[in-house]
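The structure under discussion appears below in the form of C-alpha cells.
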Amino acid sequence: MKRFQATILSSAAVIVFSAAPVPAQDNQVYIEQQGSANTLFIDQSEASGSTVRGLEMTSGGSVTATERWTDTVVVRDEAGDEVTETVEFSETATARTVAYENADRALQDGVGNSASITMTGNGGTARLLQDGNGNVGALNVGAGGLGALGQQGTGNIASLMVGPGSSGTILQDGDDNEGSLNVEDGSGFLSQLGSNNTAQFTVLNGQNVTYIQNGSNLSAINPGTGVTVDTNSAGGVTIIQSVIGGN
C-alpha cells in the first residue's frame, strides 16, 4: 500500500510525483507559496520515507580560517654568510556568513521563483526557501541525505546534489549569485553573502567542507571545473573569499 502525505498552501504551480514501479511509501511534502508565478516540481517517485520541508535563513556570525605554508628564505648568519632556511608562514581570514533554522513548510515567497526537488532512496530530507523574485533552484537528495537550499534576493541560481548519507547546504543572501555544490560523500556548506558571486565545488571521501563568499563580484575558484576536496583532513576544510571593505 502506498502512503503519501502532502500539506500544500499554494497560489501558483506545484507538481508532485510520488508513484513508481517500486511503490513510494510514507513520503511527505509541506509547501507554502505566496506571491505569483512561482513554480515547484517535486519528484519522490523513487523514494520512500522522504520529506520536503522548509528553512529560515539567519545570521551565521563569523567564520575564521587560517592558511599555513612553508617557504625557503635566504638569511645571513653571525659570520655574515648567506644561508637558506625554511620558514613557516600563516594568514588568517575572517568572513561573515549565513545559517538556517528548520521550518515546517518549504516556502516560495515573491514573483517568478522556480525550484525542482528530486528525492531517491529511503529516508532523505530536503529543505527549501525562496524569498524574493526570479530565483532558480535545483535540489537532488539521495537515500538518508539532507539537502538545504535557501535563496533571499533576486536572480540567484543554485544547484545542490547530495549523495546517500551525506549533507549539503547552499545559502544565498543577495542578488544574481550562482552556486553549485555536489556532495558525493561527506558534508558541504556554501554561503554566498553579497551579489554577483559564483562558486562551484565537490566534496568526496567523507570530507567536511565550508566555502564562504563574503562580498560581491567574487569569482569561482577554477571556473568551469570548480574545487574538488578529497584530501584527508581531520579538522575539515574551510575556504574563504572576501572583499576588503565589503559586506
Added length on full extension, which subtracts the Cα-Cα distance from 0.36 nm per residue, VAL74 to GLN34: 7.9 nm
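Compute the FRET efficiency between ASP81 and ASN196 as 1/(1 + (r/R0)^6), taking r as their Cβ-Cβ distance and R0 = 41 Å, and round to the nearest 0.05. Walk me through the intermediate numbers first.
Details: r = 53 Å, r/R0 = 1.29.
E between ASP81 and ASN196, to the nearest 0.05, is 0.20.
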Convex hull per residue volume in Å³, alpha carbons only, for the stretch 59-212: 120
Calculated from backbone phi, Karplus (6.51, -1.76, 1.60) coupling profile of the stretch 181-190 in Hz, x at Gly/Pro: 9, 10, 9, 7, 7, x, 9, x, 9, 10
Taking only Cα atoms of the stretch 132-217, radius of gyration then Dmax in Å: 12.1, 36
Sites GLN25 and GLU56, calculated FRET efficiency, Cβ-Cβ separation with R0 41 Å, nearest 0.05: 0.90
Phi-based couplings in Hz for the stretch 36-49 (Karplus 6.51, -1.76, 1.60; Gly and Pro marked x): 8, 6, 8, 10, 9, 10, 10, 10, 10, 5, 10, 10, 9, x
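Where a number appears in this text, it was derived from the coordinates with a stated rule and is not lab data. In this text the structure is predicted, and so the values were computed from the model without any measurement. Quick reminder, even Gly has a Cβ in these numbers, built from the backbone with ideal geometry, and neighbours come from all protein chains shown.
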